[in-house]
Structures are given as structure tokens and as C-alpha cells.
Amino acid sequence: MGGMTSTPHTIAVLGLGRMGGAIATRLAGHDLDVIGWTRSGRPAGAVTTSSDPNEAVAKADLVLLALFDGPACRHVLDGVRASLRPGTIVVNTGTIAPVEAASLARRFGPAYVHAPLLGSVPAAEAGALQILAAADPGTLDRVLPVLDLLGSVRRIENASTAAALKLIANHSLAGGLLALRDSLRQADALGLTREQALDVLELGTLGRLVARKRSFLGNRAAAAPAEFTIGALAKDMALLAAASTSPLRSAAAFTDARVGPEADIALAATVPAAEDAVLAPLRAYVRGHATGDPAHFRAAFLPTAHVEGIRDGAFVSWTLEEYCALFTGRAAADEAARSRRIDALDVHGTVATATMTLAHGADTFTDVFLLTRVDGTWRIANKAYHRHS
């Protein structure tokens with residue numbers, strides 16, 4: 001595949017899902033000859049489609065991929081490579097791992113443009129996407145007239161970097177959704193209506209996200225088609241976690257069984273807080289500290305539980321009964337000035353983790369719990385703590 005000498009006018013769009021269909025329709029509306037293909041055979045508006053991807057690319061000056069993941073990109077490109085004409089450029093808009101992007105760039109050389117997209121279906125329809133494009137400068141110059149129809153192009157030095165930046169951008173979106181979810185859960189706990197909370201949240205830091213996703217967030221959320229699915233965002237966060245090898249809470253946060261993978265990402269922010277059942281042992285634990293009555297600890301913990309940490313410079317590992325023996329049955333003299341709060345709770349089927357802060361006079365404790373559901377009842381299996389003096 002040699003270098004092109006003119007702007008491409010015949011474009012094959014491989015993948016006519018939500019984003020691919022919007023891209024194909026946008027390009028076809030600007031007097032470009034567009035032919036689409038998708039494995040499902042789904043049409044994309046008035047765009048001409050083919051049942052054979054090789055037929056779609058055989059006459060194309062530019063092949064644009066709008067596929068779900070790296071394996072799909074490799075599979076489709078392997079299948080059509082023999083049908084690519086000399087001079088055809090491949091533009092990959094998919095969100096894939098940096099190592100996958102680098103591998104495709106090496107295989108296709110100057111004919112490959114890695115161009116992940118920031119923005120969802122409405123932005124594609126309006127030509128308002130942000131495009132992170134990495135390519136040979138001459139190749140990118142030739143496809144700019146096409147990419148400019150889809151949005152604003154930012155030149156990136158290489159395919160791996162473009163792929164990594166797209167994952168970081170989606171991580172910030174995931175973080176915004178988790179912050180919105182937590183705000184809505186707190187609003188529920190305070191007895192605020194959903195509309196009240198959304199009205200005020202739209203005025204603040206999360207305002208753009210709330211405004212863009214408002215139709216999905218209310219108590220009477222419209223059954224609008226998803227713009228960006230929970231399954232796709234979960235896939236992207238898994239890619240980021242694998243690429244960075246750094247802890248990534250959001251990689252597991254979008255797999256809640258109560259929201260299907262084909263739902264819009266906004267619905268992840270509407271998942272209710274954990275059921276009271278999983279909070280019950282933590283509340284019993286708080287009552288144990290508030291009253292000094294060890295019966296509450298026996299209700300909170302499994303009989304086999306251990307409490308572990310550093311005490312007076314030495315590691316201790318108490319059985320439940322050894323821990324209960326530390327309490328006299330009376331509240332501390334300064335109990336009115338003490339406080340406890342649950343900082344985090346993550347539930348994964350029949351196990352959960354929780355973190356709590358206890359302000360006890362001159363000392364503050366961080367308690368980390370492992371909980372499990374046994375015979376339908378949640379109990380604390382183990383606790384580790386750190387004492388901040």
C-alpha cells in the first residue's frame with residue numbers, strides 16, 4: 001500500500017453500530033461515496049451497505065473502522081487486507097489497548113491512522129467529535145478533509161499514545177459517573193427528590209455531564225437509545241487497568257448486575273446504594289463501640305473472625321472473644337464527642353469490603369473490613385485496623 005496523492009472520496013465504514021452508523025451517515029451527507037458493512041447486517045439510514053466487507057473495501061480510498069475492541073479490529077483487518085488497494089488508508093476510530101494500536105500501526109505502516117474519538121453519538125451526528133489522530137504527517141494531511149467533517153482533530157505523536165489518551169479520557173468520564181452516583185445516593189439518604197438534586201448538580205462541577213445525560217437520570221427516565229453503553233465503558237476501564245497495572249476502582253464499578261451492559265452509561269449513576277442488609281453488621285459494630293457492649297460485636301462478626309493491627313508497636317491478632325474482652329459493657333466517658341463514619345463499601349456478590357473512620361478522643365482509627373454473606377445474612381469475616389495517634 002503506497003502513499004495517496006489526493007483526498008479520499010470513496011469511504012468504507014466497517015462497523016455500523018451506534019457510532020459507526022452515525023459516522024457513516026454524517027459522511028454520506030457531505031457528498032462522499034460511503035459504503036458500510038457490519039457483521040449484524042444492520043443498515044445505517046440511507047448509507048449503502050454490503051454484506052461482504054471485502055466488497056466494501058475493494059473500491060475504497062479510505063477504510064474507517066468503528067469496531068468494539070482490538071480483537072474485532074484485528075479480525076476484520078485480517079479478513080480484508082488482501083482486498084485493500086494500493087494507496088488505501090485505514091483509519092481506526094476504535095478504543096483499543098495501546099499495545100494493540102502500536103501493533104496495527106507497525107503492520108500497516110504509513111497507511112494506518114489511529115484516531116480514537118472523544119464524544120458520543122450526538123457529537124458524531126453534529127460533526128463535533130474530538131479526534132486524537134496519530135499517523136504519518138503526509139497521510140494525516142490527506143485524510144484531514146474527511147476527519148474535519150466529524151469534528152476537531154488533535155495530532156498525537158504515535159498510535160500507542162493516542163490509544164492511551166483515549167483510555168485516560170474515558171477514565172475521567174467514569175470518575176464523573178461515580179461521583180454523580182455517590183451524590184445521588186447521598187441525596188436519596190437525605191430525602192431529597194431526584195429532580196431537586198439534578199437541578200442543583202447541573203449548576204456545579206458535574207453540570208455538563210448532568211445536562212447531557214438528564215433524560216436518563218430522572219425518576220421517569222425516558223427509554224432513549226443508549227449513546228455510549230455501560231458494557232463499552234467497562235471494556236475500556238478493563239483495558240486501562242491492564243495497560244497501567246495500577247489500581248483502578250472504576251474497572252469493577254460498571255459491572256453491577258442491576259444494570260445491563262447495553263444500557264447507557266448514565267444509568268450506572270442511578271443504581272441505588274447497597275441494601276441495608278450489608279450495612280447491618282457495620283451498624284452493629286458501631287453500636288458496640290457506642291455502648292461498650294460486646295454483644296453487638298458478636299452480632300456483627302462471624303465467630304471465626306479475627307481483629308488485627310499494630311498495638312503498642314507490636315502486631316496483634318485477636319480472636320473475636322479476645323477482642324470482646326477489651327470492652328467493659330459501658331460507654332466511654334467521652335462518647336458524646338466520638339464519631340464513626342463508613343467511608344467506602346463495595347459489594348461483589350457474596351463478599352464485600354468496607355472502610356470506616358473512628359474518631360475516638362486523641363486517636364483516630366481506620367478500620368478495614370471483609371464481609372461475607374452466610375445463609376442470607378451478612379457478617380464481618382475479618383477486620384484490620386490502623387491507629388493514628
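Structure notes:
- Cα gyration tensor, the chain - rounded (a/c under 1.5), prolate or oblate: prolate
- For segment 170-203, backbone nitrogen atoms closer than 14 Å to the point 7 Å from Arg258 Cα along Cα-to-C-beta are found at 181-189.
- For segment 37-166, the fraction of 1.4 Å probe accessible surface lying on carbon and sulfur atoms is 52 percent.
- Anisotropy class of segment 202-281 from Cα gyration tensor, a/c 1.5 cut: oblate
- For the peptides 140-148, 371-379, residues were scored by their other Cβ atoms within 10 Å and the scores averaged per peptide; the highest-first order is 140-148, 371-379.
- A protection proxy built from the mean count of other Cβ atoms within 10 Å ranks the segments 205-212, 117-124, 7-14, most packed first, as 7-14, 117-124, 205-212.
- Shape of segment 1-61 from the C-alpha gyration tensor: oblate (a/c of 1.5 or more and a/b not above b/c, with a ≥ b ≥ c the square roots of its eigenvalues).
- For segment 281-324, averaging the sequence separation of C-alpha pairs within contact (under 8 Å, six or more residues apart) and dividing by the residue count gives a relative contact order of 30 percent.
- Solvent-accessible surface of protein heavy atoms, probed at 1.4 angstrom with all chains present, puts Phe365, Phe254 in the order Phe365, Phe254, largest first.
- Gain upon complete extension [Thr366, Ala277; 0.36 nm per residue less C-alpha separation]: 29.8 nm
- The residues of the chain present an accessible area of 48 Å² per residue when probed at 1.4 Å with all protein chains retained.
- Potential lengthening between Ser246 and Ala331 on full extension [0.36 nm per residue; Cα-Cα distance subtracted]: 26.4 nm
- Percent carbon-and-sulfur accessible area, segment 259-379, ignoring ligands, DNA and RNA, probe 1.4 Å: 56
- Calculated FRET efficiency, Val200 to Ala290, Cβ-Cβ distance, R0 = 30 Å: about 0.35 to the nearest 0.05.
- Per-residue HN-Hα couplings for segment 113-125 [Karplus 6.51, -1.76, 1.60; θ = phi - 60°; Hz; x = Gly/Pro]: 10, 9, 9, x, 10, 9, x, 10, 4, x, 5, 5, 5
The values are calculated or read from the model by the stated rules, or taken from the named source; none is laboratory data. Note that the coordinates shown come from a computational prediction; the quantities given were computed from them, not determined experimentally. Neighbour counts run over all protein chains shown; Cβ positions are idealised from the backbone, glycine included. The area values use the complete protein model at the heavy-atom level, side chains included, leaving out ligands, DNA and RNA. Shrake-Rupley method; radii C 1.70, N 1.55, O 1.52, S 1.80 Å.
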